């Protein structure tokens, strides 16, 4: 390569986003995901032994799905093909199949197909992959931000190893930032930057475990960094805060895992009587644009399921909160939802009513006879008495204390205990 070609290559590299330039080339350069690519990680062993099987990499943005696929491309002896499900179609799959067949028949070499955003393929497109994955014509690496058990055909899932990638830890992000600042070839090392510790901490906390977002913030902050008395570029809080505004807010997908996982954490915090954690999850959902009516509906369910008769006021308050939320809307609805959330979280808890109806439903599904006995049958029509309906029924209000012993159970069924009042119930 001559000097002109080398210079052109460096120009192209510098023009690429920082996150792209800092993408690891080997497993040892990968930050985070130690459970799957650490020394004892299954995926690491598969890659190092070149015994890769079809896999689906599943996790939030910026956790390394594409990075791992490219590391595999660098280290495997197989031919590597890359497609994006947003732009690819069945014709691209056919072309890949033809090339993979040629590679296998002529050179005895396997093909690895990396399909980014695999959840974007519809059912028929995913079905087109299946026979070739099953026959081992190519090894499939699917990458998705969506739960594959919901968004990928069950037949493909059953033939693949599912690897869940977790958001990077604060320490992982800190390591990545320091590596980038000192890397003179691909990072920002030639700028001789100084990153204040409080600015670094803010990036680590606000990146949400997303390496790409962290590097985007760092890159924007570096462009704004003023020079100190020694002529060194210094990144402080002001530069990071400005960069954070330009790269968007909290990561939240209203139809994906973030939606389901966050509402789960929210309800479990209420059930666990932790109002502080509950309002934090509430704030995340509201900041992410979650439908406040959805949150209000879940609060009504929680009031009945987790509090029940331990505090009979909980359900009416939750219903009132839903009504007020529908009438007022955001942003003021956050106040109403905050009140209901903290009330439910601090209320006494009982799931006795919830368990009672579930046990009764289980008995119904199991085939328990539920024939209504004659004395409990309806009498609100002419001829009911001739059928014997209502005969022998004792009207409780005619007795002292408005109570009288009487069998209320289906014909032939022995009484059973469903409702067991909890210690906290009134």
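Rank the residues 375, 119, 402 as a footprinting-exposure proxy: fewest other Cβ atoms within 10 Å of their Cβ go first. Could the numbers behind the result be given before it?
Values: 375 16, 119 21, 402 9.
Ranking 375, 119, 402 by Cβ neighbours within 10 Å, fewest first, gives 402, 375, 119.
Using Cα centres only, tell me the gap between segment 90-158 and segment 309-324 in whole Å.
The distance from the Cα centre of segment 90-158 to that of segment 309-324 comes to 50 Å.
For each of 408, 20, count neighbouring Cβ atoms within 10 Å of the residue's Cβ, then give the residues from fewest to most. The partial results should precede the final answer.
Details: 408 8, 20 13.
In order of increasing Cβ crowding within 10 Å: 408, 20.
Under the rule a/c < 1.5 gives rounded, and otherwise a/b versus b/c splits prolate from oblate, where does segment 257-346 land using the Cα gyration tensor? Working shown, then result.
On the way: a/c = 1.74, a/b = 1.15, b/c = 1.52.
Oblate, since a/c reaches 1.5 and b/c is not below a/b.
Mind pulling the angle between the C-alpha long axis of helix 123-135 and the longest principal axis of the chain? Nearest 10 degrees, somewhere in 0 to 90.
70
7 Å from Cα along Cα→Cβ at both residue 328 and residue 260: what's the point-to-point distance in nm?
Going by the 7 Å Cα→Cβ label model, 3.2 nm.
Relative to the first principal axis of the alpha-carbon coordinates of the chain, what is the inclination of helix 292-302, with its axis defined by its Cα atoms, in degrees from 0 to 90 and to the nearest 10?
In the chain, helix 292-302 runs at an angle near 50 degrees to the longest axis.
Tell me, what is a quarter of the convex hull surface for the C-alpha atoms of the chain, in nm² with one decimal?
Working: hull surface 135.0 nm².
Mean projected area for the chain: 33.7 nm², to one decimal.
Tell me the label-point distance for the pair residue 418, residue 371, using the 7 Å Cα-to-Cβ offset, in nm and rounded to one decimal.
Output for this residue pair reads 2.0 nm.
By how many degrees, 0 to 90 and rounded to 10, does the Cα axis of helix 90-102 deviate from the longest principal axis of the chain?
60
Take the chain, connect every pair of alpha-carbon atoms lying under 10 Å apart with a spring to form a Gaussian network, then pick out the residue of 275, 60, 374 with the largest mean-square fluctuation.
The residue with the greatest mean-square fluctuation here is 374.
For segment 312-351, report the % of Cα-Cα distances exceeding 13 Å. Can you show the working numbers first?
Details: 385 of 780 pairs.
Pairs farther apart than 13 Å: 49 percent.
Full extension from residue 382 to residue 234: what is 0.36 nm times the residue separation minus their Cα-Cα distance, to one decimal in nm? Walk me through the intermediate numbers first.
Working: separation 148, 0.36 × 148 = 53.28 nm, distance 9.09 nm.
Here the segment from residue 382 to residue 234 would lengthen by 44.2 nm.
Mean-square fluctuation check for the chain, GNM, Cα pairs under 10 Å: which of 392, 338, 136 is largest?
Maximum fluctuation in the GNM of the chain, among the listed residues, is at 392.
Can you tell which of 91, 324, 277 shows the greatest fluctuation in a Gaussian network model of the chain with Cα springs below 10 Å?
Taking springs between Cα atoms under 10 Å, the residue moving most is 91.
Figure the gain on full extension for residue 130 and residue 205 (residue separation times 0.36 nm, minus the Cα-Cα span) and round it to one decimal in nm.
On the way: separation 75, 0.36 × 75 = 27.00 nm, distance 4.10 nm.
Computed gain between residue 130 and residue 205 is 22.9 nm.
Bear in mind these aren't lab numbers, they're just calculated from the coordinates by the rules spelled out. Please read all numbers here as calculations on a predicted model, not as lab measurements. We place every Cβ from the backbone using ideal geometry, glycine too, and count neighbours over all the protein chains shown.
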